[in-house]
Amino acid sequence: MSEHQSRTFVAYARVSTQQQGRSGLGLEGQEAAIRGFLRPGDSLLAPIYVEVESGKNNARPELARALARCRTTGATLLVAKLDRLARNARFLLDVVEGTGEAGVVFLDLPTVPAGPMGKFFVTQMAAIAELEAGLIGQRTKAALSAAKARGKVLGGVRSGQRAPTQAERQAGGTKGAETKRRAATQAAYRVLPRVAELAAAGEGLAGIARALQAEGVSTPRGGAWTATAVRRVLGRTAGD
């Protein structure tokens, strides 16, 4: 791409429940990096496709949607960090080949060139990421084995352990519900700019729902878009 040519991007971010919120790895950090990369005149197609999934799982419905959008629009896939996509060399190569002509940009790496050199570059970086993941897993297993050898009980309630009280179980349930609520609120904010665009164009709740459904935008709850679902988005973001 030339320095003055306008560019079109489709962005993909991934978080796992364990990593969400950690500095530099959370959703907010990835989205900030993505938006900070854009130059005046660039176009970022809504929405940002967000996957809440372990990096070990290659079943990525949101990634599949992002890749399909790249192929149909000619947009470049934009990913904040290579390891947010995956740490599996073969999987990463499949993704690079599936983006279409425009390819993929990892913000923590130079732009991956098209053709054999690009594939070679991704292979090398993915191999390093895969090695890192393997070493982390190896260190974790060693630490757990050492803890077990010292007599530390790992896992759920064992013989001689105190079972959680009803109050503790309720507190755990409340925490889980709060986590789901935060995730739904984040999803609502991601789709809000598109909802605002459609509303400014004169669409009502039902019209906005039809447009979002046609564009393949995911709802905060993962279901189909309806006027009620749009109303919930506006309700979750009404305080700002």
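Extension gain, ARG39-ALA127: 0.36 nm per intervening residue step, less the Cα-Cα distance, totals 28.6 nm. Note on ALA149 and GLU197: their simple-model spin labels are 5.8 nm apart, each label 7 Å out from Cα toward Cβ. The residues VAL230, VAL96, VAL52, when put in order of fewest to most other Cβ atoms within 10 Å, stand as VAL52, VAL96, VAL230.
Can you work out the FRET efficiency for the pair THR185 and ALA206, with r the C-beta to C-beta distance and R0 = 30 Å, to the nearest 0.05?
Efficiency at R0 = 30 Å is approximately 0.80.
Per-residue Karplus couplings for region 5-11, computed as 6.51 cos²θ - 1.76 cosθ + 1.60 with θ equal to phi - 60°, are listed in order as 6, 5, 10, 10, 10, 10, 9 Hz, Gly and Pro entered as x.
All of the numbers you see were taken from the coordinates with simple rules; none came from a lab. Computed from a prediction, not measured in an experiment: that's the story for all the values here. Don't worry about glycine lacking a Cβ; one is built from the backbone with ideal geometry, like all the others, and counts go over all protein chains shown.
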